[in-house]
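Inspection log for the structure reproduced underneath, given as structure tokens.
The values are calculated or read from the model by the stated rules, or taken from the named source; none is laboratory data. It should be emphasised that the depicted structure is a prediction, and the values quoted were computed from it without experimental measurement. Neighbour counts run over all protein chains shown; Cβ positions are idealised from the backbone, glycine included.
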Amino acid sequence: MKDQEIIDLLTRYKNRTCTESEKRTVESWYNTLDFKHAITSGEYESIKEQSWNRVNPIQKKKNNLYRYAAILIAFLSFSVLIYYVSQTNKPNLVELSRIKPGTNRATLILGQKDSLDLTQLKIGSVVESNGIKIKKLADGTISYEVKQTASTTGLHNKLIVPRGGQYRIILSDSSVILVNSESEIEFPSRFNETERRIKMVGEGYFEVAKHKSKPFIVQSKEQEVTVLGTKFNIEAYRNDKYITTTLVEGKVSIASEKEQVLLKPGEQSIFDGEKILISKAKIASSTAWKDNLFIFQSVPLGNIMQKIARWYNIEVTFENKELAQIQFTGSISKYQDIEQVLQLLEMTDKVKFAIEHQTIYVKTK
């Protein structure tokens, strides 16, 4: 691509007139740069304008060094991501390197006493205990098998995923569960002859193996989801007011003490402890976390920061309650540096962030 073509593309990107394909091209350029710094939003705007004003006169120069420097400066200046200028004398700007995205982290408790740190378990390792065979697969998934001769029906196990983690497990019936941050599931070593029942707190994405005569039941606080074979997501954190169930394929039955409803693919139920409400689901945003993405479609900032806090293992404090109600739409990889995530939110000119230790303070811009 010629210099002028690059500058033209960056001009369209700056003015938000580029195509989706061109947008991806520009942002892919940024991702190849080894540049992990940020500036405050005020400095960002100032540098952006100063840098852009340099491009037109410099493009007339014949010296390649100046031309490419101008292009790079322009690109860095109006990229959607944040850059950090090291100014240790400013209390708002601190090193963010200690805040990392989540990883595959979990502890498996076998029965009442045996505890296994799955993070430390090497790929390909096999652990056997009380007739249970646990293997760590190449992608980090834990495969859970029970020997036919083992008497383990009454033995219950618990998978605990901390803040800043997630984990995938294959149960003895071949059902697959991806467990999100700050969540846990409890399940028997061997399911009984009539049902496959587990308990869950937090969030999990389920791909349930089909078994017509043995329903799969997920108990989350005061709600039960019953399926035979399907894909669905449940969000039921301890301190959340609602339990949200999103059905991707198949059919599920949602039951509380007062009522029972059936969900169809593409539907979502929200249970507030009293009533179960059904609506059309936003599948992409509800299940994005399993594909290593954050996708928000008109979501309050309070909900967004709650998810970010769990994944990055941080705390969040709002300057006032109104800020938590501001709605945002966007998407970003879960493995982006935290400053890049916050800058995308700051670019709306509605909020700004200050970080001290492991706490993010959300303030009016």
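If you take the residues in the range 255-269 that are of a type outside the set (Asp, Glu) and over 12 Å from Val225 (Cα atoms), which one is modelled with the lowest pLDDT? Only one residue fits best here, namely Lys258. The residues of the range 97-122 that are over 30 Å from Ile355 (Cα atoms) and either surrounded by 14 or more Cβ atoms within 10 Å (Cβ to Cβ) or modelled with pLDDT under 85 (or both), listed by number, are Leu108, Ile109, Leu110, Gly111, Gln112, Lys113, Asp114, Leu116, Leu118, Leu121. Between Ser125, Ser143, Ser220, Ser213, the distinction of being among the hydroxyl-bearing types (Ser, Thr, Tyr), surrounded by fewer than 21 Cβ atoms within 10 Å (Cβ to Cβ) and assigned by TED's automatic domain parsing to the domain that holds Lys275 belongs to Ser213 only.
Of the strands (runs of 3 or more DSSP E) entirely within the range 314-365, those holding at least 2 residues that are modelled with pLDDT under 90 and under 23 Å from Gln297 (Cβ atoms) occupy 327-333. When Ser298 is tested against the conditions (1) under 28 Å from Ser220 (Cβ atoms); (2) outside any strand (DSSP E or B), the lone failure is (2). In the range 224-237, the condition of being touching a helix residue (DSSP H, G or I) at 6+ places or on another chain (Cβ under 6 Å) and under 17 Å from Ser279 (Cβ atoms) is met by at least one residue.
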